[in-house]
There are 4 protein chains.
Amino acid sequence: MLEEEVIGEGDYVLIYIDERRTYIVRVERDRRFESDKGVLELSDLIGLPYGSRVELSTGVKAFILKPLFHDFFMKYKRRTQVIYPKDLGFIVFLSGISSGSRVLEAGVGTGFLTTTLAHIVKPNGRVYAYEIRRDFYENALRNLKISGLIKYVDLRLGSVKRAEEELEGLDAAFLDLADPWNYIETVYKVVKPSASTIFFVPTVNQVEKTALALKEHGGFTDIHVYELLLREYQVKENATRPRPFMIGHTGYIVFARRILLE
Amino acid sequence: MLEEEVIGEGDYVLIYIDERRTYIVRVERDRRFESDKGVLELSDLIGLPYGSRVELSTGVKAFILKPLFHDFFMKYKRRTQVIYPKDLGFIVFLSGISSGSRVLEAGVGTGFLTTTLAHIVKPNGRVYAYEIRRDFYENALRNLKISGLIKYVDLRLGSVKRAEEELEGLDAAFLDLADPWNYIETVYKVVKPSASTIFFVPTVNQVEKTALALKEHGGFTDIHVYELLLREYQVKENATRPRPFMIGHTGYIVFARRILLE
Amino acid sequence: MLEEEVIGEGDYVLIYIDERRTYIVRVERDRRFESDKGVLELSDLIGLPYGSRVELSTGVKAFILKPLFHDFFMKYKRRTQVIYPKDLGFIVFLSGISSGSRVLEAGVGTGFLTTTLAHIVKPNGRVYAYEIRRDFYENALRNLKISGLIKYVDLRLGSVKRAEEELEGLDAAFLDLADPWNYIETVYKVVKPSASTIFFVPTVNQVEKTALALKEHGGFTDIHVYELLLREYQVKENATRPRPFMIGHTGYIVFARRILLE
Amino acid sequence: MLEEEVIGEGDYVLIYIDERRTYIVRVERDRRFESDKGVLELSDLIGLPYGSRVELSTGVKAFILKPLFHDFFMKYKRRTQVIYPKDLGFIVFLSGISSGSRVLEAGVGTGFLTTTLAHIVKPNGRVYAYEIRRDFYENALRNLKISGLIKYVDLRLGSVKRAEEELEGLDAAFLDLADPWNYIETVYKVVKPSASTIFFVPTVNQVEKTALALKEHGGFTDIHVYELLLREYQVKENATRPRPFMIGHTGYIVFARRILLE
């Protein structure tokens, strides 16, 4: 039997009380976790195996789990509209990146995509991420530290235009900008031939402008535009159905491959 | 300037003629690529940089690209219903796996999920993949060799029940089986506490049975059921719209986290 | 030029202030309409043509419109889950009913479907509507009076089973019941051969049971199951996109045609 | 017991063999219905009650049903992209029209919407329908005769601009045109204040232009844009699921209410 992994001081844990009550908390000796369902002394968790069931002060039960990388999103301060899991998964898949990839990101925002990219390219790959607004930059820095993935990210304050001087031969590029059509030449310069490039935009007008600009540039092919809709289901014996509300729209994903200009 | 990566003998390349004509082809000296748009001597590609534009015998142009891992799906022989990209991306995201993860897969089928998992966990992780039907097993083996990812996969002919004896402490489990509720105890035994487990099923009845069996077992929490719908858009200046046809259904994704039974 | 239709005392009007502020109000001499955007003396509306723009006490503008039949839903007290417009339109279309049709409804609930059916079959058709719960029955009666369509409805307190004795030769049947499979024989008896029958159910389990019961009964054919998803778009120049939230699920529509049992 | 309605010579009947084999056929004495499942002498149907089961020459069974108004769409020759049932039902619902309504239609095309409108406004209402192309006009005329609804339609060859001289005080307007923004003033002139106006357009660019033109005109309010997605389900005991393919896009519905310009 494998030795069980136990909770240590300083670890982040996921406290799961029920579907609506899940929390990421750092285990510290003199801290107490408080919720409307009861209180928990965090020092009591030290040495417990992950997956354990504990009781809150009220007798309500909770599970103590090891967080997945995306559970940390709960702790992220949101300064911008974020890219949602349904889109993050597909963006990474399409891009074809994996451990060791060196990638460009522009428009870091809250850092959900940065985190996801870092998680996939680690430990030897790298995310070169540009953010032009200082407040977003600092917030993203804080967020990435929580997830523990900052060491795989080169977070840079400034316009992605700077990448033209600073980077070359990257494996993929990801742009979440209001005017991505202004940075197509930048992407062309910093990614390898054959590299995948992905744009995330919320409006249909941006979709059209981005796709047309890619065609006009000439340095990209295999252009595709996607949108994902996510439905969640509630399962009850003999009464299973989709949830009554859903996110109706997040954004569109524009994909292209970089080629060699004549 | 970085040296450009050039096409070598034995490489697989992606020949992109137009949206409906994309091909994965192995570059061999005495082979010729033939399509309804024209012919190409593959030996002419050797030494060209990736991303190059070439002309077919007819004068029609094509781009020669380095394939992404999922481009190889085009070369896979399909023996079963496959899991689609929209679902693969989200499944990997939810699972939280990354480079180095050791994961269980049951129901390999054509191998799209196996390939995706191997691509993410490489180079030091491993996919332990069970397939009960010999014909599927052999076909998947052939497919995985084409993608070059077989070395990260431990493909096993037989029931996933065997995993109870053969494996432990895995980081995640992925089941694409007709009756996943019969293998919940197996998953419980072979994955770590806190591990994510994911089930892919095509019918609503399987969704209900799987989710209820997970609840009843007691060793899982945070159960969620998802479905993704993918829309593609066709962009034309001043005439942008979703494509007229779409895939209406592939399957449902059931997610759960493994906890410790009392 | 046609004479313009003017607002009379006792008329219901639709006061449109902005997208989120639309109200159905009855014009009475000594009543005042109050909203967070200002106040309006309703007697001031008498004699104005429909479509007029008026000013609230605050100077905020509002349009006074003649309500469409479904605008009255705003005034309906909801005692149950309602059937939504997206489903109501399709249900009526599928059923093929029109002015003069005589139809069965079971499970009146709040009365949205009853109202829609009455609106379509008027002036010479009739809706025979059964509701088993007295509180729903009385609420629906109140609601239908507001819409002015009660005169085309025969609202009956009791089980739809009673229809077997009370009705025959109807053109269509509409069931919004928790257990419609228990009333298939009733429907068979009261509708004409070839009549369309429509079931509205919220869960996938009810879909399966209903469709299988229809097949097993033998008196129905051409069974189809539908679900509609409605997206709304927000239009802004150069920034058009779907709304961020949407209704994720209301219910499923099961359609069948009545045939002759051997 | 009601007397059963029987099939007469000259009637159109719906022959239902199975889900993929449904046909609208006119019963004539010396005609024979032929399908890949067998042959039927149509004279044998005369005098049978609707809903009867008959046997084709091969022993395969078929049901003989009275068609619903939309079953005739099967017999319509399609000269253009049509408006689909999912959209037709919602368009009619939103418009609020019913028996007796007098309505404008522009861009008749194949005539699906014309047929649906005629079916709803009959017997005393009227559809004033403009079609600019002679070939579409003649085809629509032929189609509407088959459905038996031509007597409620005033089908006019020419631009809807002519309606400015020819019509006034209509209850609603429906435009299925490539450039509806050029006809907003026409609609304003011919419909009543408070009337609903509905535009059906396939591209997002047309949505934006139409909605912005309505705002700019000033004579319309309560502008909404909708899109419907229809899923069909296949029911099998213990294996119920959405159908694998679906229509991904037909068009967008723009709704507005006509007000009085200052």
Look at D:LEU68 and say whether it is closer than 20 Å to D:ILE146 by Cβ, within 9 Å of chain C (Cβ to nearest Cβ) and of a type in the set (A, V, I, L, M). yes
Those residues that are part of a loop (DSSP other than H, G, I, E, B) and of a type in the set (D, E, K, R), I need them from the range B:62-105; list them, please. B:LYS66, B:LYS77, B:ARG78, B:ARG79
Residue list for the range D:208-219, restricted to those being buried (at least 24 other Cβ atoms within 10 Å of the Cβ) and either part of a strand (DSSP E or B) or among the hydrophobic types (A, V, I, L, M, F, W, C) (or both): D:ALA211, D:LEU214
Selection within the range A:100-111 - buried (at least 24 other Cβ atoms within 10 Å of the Cβ) and either over 23 Å from A:GLU165 (Cα atoms) or within 13 Å of another protein chain (Cβ to nearest Cβ) (or both): A:GLY111
Applying the selection to the range A:17-30, what residues are buried (at least 16 other Cβ atoms within 10 Å of the Cβ) and in a loop (DSSP other than H, G, I, E, B)? A:VAL27
For the range C:190-223, name all the residues that are without any contact (Cβ under 8 Å) to a residue 60 or more places away in the chain, under 18 Å from D:LYS66 (Cβ atoms) and facing another protein chain (nearest Cβ under 7 Å). C:THR221, C:ASP222
Name the single residue, out of those in the range B:102-141 being small (Gly, Ala, Ser) and on the phi < 0 side of the Ramachandran plot, that is nearest to the chain's Cα centre (by Cα). B:ALA118
Within the range C:172-199, track down each residue that is aromatic (Phe, Trp, Tyr) and in contact with a strand residue (DSSP E or B) (Cβ under 8 Å, 6 or more places away or on another chain). C:PHE174, C:TYR183, C:TYR188, C:PHE199
Could you check B:ARG241 against (1) within 13 Å of chain D (Cβ to nearest Cβ); (2) surrounded by fewer than 17 Cβ atoms within 10 Å (Cβ to Cβ); (3) among the basic types (Lys, Arg) and say which number it fails? (2)
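Residues to consider are D:SER57, D:SER52; find the one that is among the polar types (S, T, N, Q) and farther than 28 Å from C:VAL225 by Cβ.
The conditions single out D:SER57.
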Specify which of the listed residues (B:GLU185, B:GLU165) is within 14 Å of chain A (Cβ to nearest Cβ) and free of Cβ contacts under 8 Å to residues at least 60 places away in the same chain. B:GLU165
Going by what's in this entry, would D:VAL225 be described as closer than 22 Å to D:LEU117 by Cα, buried (at least 23 other Cβ atoms within 10 Å of the Cβ) and in contact with a strand residue (DSSP E or B) (Cβ under 7 Å, 6 or more places away or on another chain)? yes
Unmet requirement for C:LEU157, which otherwise passes all of (1) within 12 Å of chain D (Cβ to nearest Cβ); (2) out of contact with any Asp or Glu (no Cβ under 6 Å at 6 or more places or on another chain): (1)
Look through A:PHE63, A:PHE93 and report the one residue that is touching a His at 6+ places or on another chain (Cβ under 8 Å), at pLDDT 95 or above and not aliphatic (A, V, I, L, M). A:PHE93
Does A:LEU144 meet the test of being under 21 Å from A:VAL207 (Cα atoms), under 15 Å from the mean Cα position of the chain (by Cα) and not acidic (Asp, Glu)? no
Of residues in the range A:31-50 being outside any loop (DSSP other than H, G, I, E, B) and within 14 Å of chain B (Cβ to nearest Cβ), the one surrounded by the most Cβ atoms within 10 Å (Cβ to Cβ): A:LEU45
Starting from the range D:1-16, keep only residues that are within 10 Å of D:LYS66 (Cβ to Cβ) and in a strand (DSSP E or B), then list their pairs with residues that are of a type in the set (Lys, Arg) and at pLDDT 95 or above whose Cβ atoms are within a distance under 6 Å, requiring at least 6 positions of separation or different chains. D:TYR12/D:ARG26
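Residues in the range A:123-135: is at least one of a type in the set (Val, Ile, Thr) and touching a helix residue (DSSP H, G or I) at 6+ places or on another chain (Cβ under 9 Å)?
yes
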Identify the residue in the range D:51-97 that is over 15 Å from the mean Cα position of the chain (by Cα) and small (Gly, Ala, Ser) and, among all such residues, is surrounded by the fewest Cβ atoms within 10 Å (Cβ to Cβ). D:GLY59
Could you tell me which of the residues C:ASP71, C:ASP30 is in contact (Cβ under 8 Å) with a residue 24 or more places away in the chain and among the acidic types (Asp, Glu)? C:ASP71
Does A:LEU175 meet the test of being among the hydrophobic types (A, V, I, L, M, F, W, C), more than 14 Å from chain B (Cβ to nearest Cβ) and closer than 21 Å to A:LYS86 by Cα? yes
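The values are calculated or read from the model by the stated rules, or taken from the named source; none is laboratory data. Source: prediction; values computed, not measured. We place every Cβ from the backbone using ideal geometry, glycine too, and count neighbours over all the protein chains shown.
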